[in-house]
Amino acid sequence: MSIRSPSWLRLPHERRAAVRADELLTAFAAHPRIHTQWIDVESYSAASSDILIAHVTDLADWNLLFEKLRDTSFFSEPYFRVDQILVGIEDGYRAAETGAGAA
């Protein structure tokens, strides 16, 4: 979860689109095994403005992507601030109920 900074909100929409395309989408394209979704929660939450949901099968892929993202202006300017990183397993409770390992 992240919060958009005032420096991001001051950018013209055309510049925001260019930064997204040049930096963010380029970083994601380099990691095609990671499926991502951006969820805009700004008008529904005071805590965060955006949520990135990333589906990964290998945490090493996520680590490489996140290191790449840290080198972008999204975080170095910063245009966004990461509030939380929550890691979970889909239907993880089932393994606990059955005593089986996580799939």
Every residue from the stretch 77-103 that is surrounded by fewer than 15 Cβ atoms within 10 Å (Cβ to Cβ), among the hydrophobic types (A, V, I, L, M, F, W, C) and outside any loop (DSSP other than H, G, I, E, B): ALA95, ALA96
Those residues that are outside any helix (DSSP H, G or I) and modelled with pLDDT of 90 or more, I need them from the stretch 52-76; list them, please. ILE53, ALA54, HIS55, VAL56, THR57, ASP58, ASP71, THR72
Taking the stretch 1-51 and keeping residues of a type in the set (Gly, Ala, Ser), closer than 21 Å to LEU65 by Cα and modelled with pLDDT of 90 or more leaves ALA17, ALA18, ALA21, ALA27, ALA29, ALA30
ILE39, sole failed condition from (1) surrounded by fewer than 16 Cβ atoms within 10 Å (Cβ to Cβ); (2) in a strand (DSSP E or B); (3) touching a Phe, Trp or Tyr at 6+ places or on another chain (Cβ under 8 Å); (4) of a type outside the set (S, T, N, Q): (3)
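Residues checked against (1) among the small types (Gly, Ala, Ser); (2) without any contact (Cβ under 8 Å) to a residue 12 or more places away in the chain; (3) surrounded by 11 or more Cβ atoms within 10 Å (Cβ to Cβ):
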| residue | (1), (2), (3) |
| --- | --- |
| TRP8 | no, no, yes |
| LEU11 | no, no, yes |
| ARG16 | no, yes, yes |
| LEU25 | no, yes, yes |
| ARG33 | no, no, yes |
| TYR44 | no, yes, no |
| ILE51 | no, no, yes |
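The values are calculated or read from the model by the stated rules, or taken from the named source; none is laboratory data. Predicted model only: the values in this text are computed from it and were never measured. When we count neighbours, we look across all protein chains shown, and the Cβ atoms used for this are built from the backbone with ideal geometry, even at glycine.
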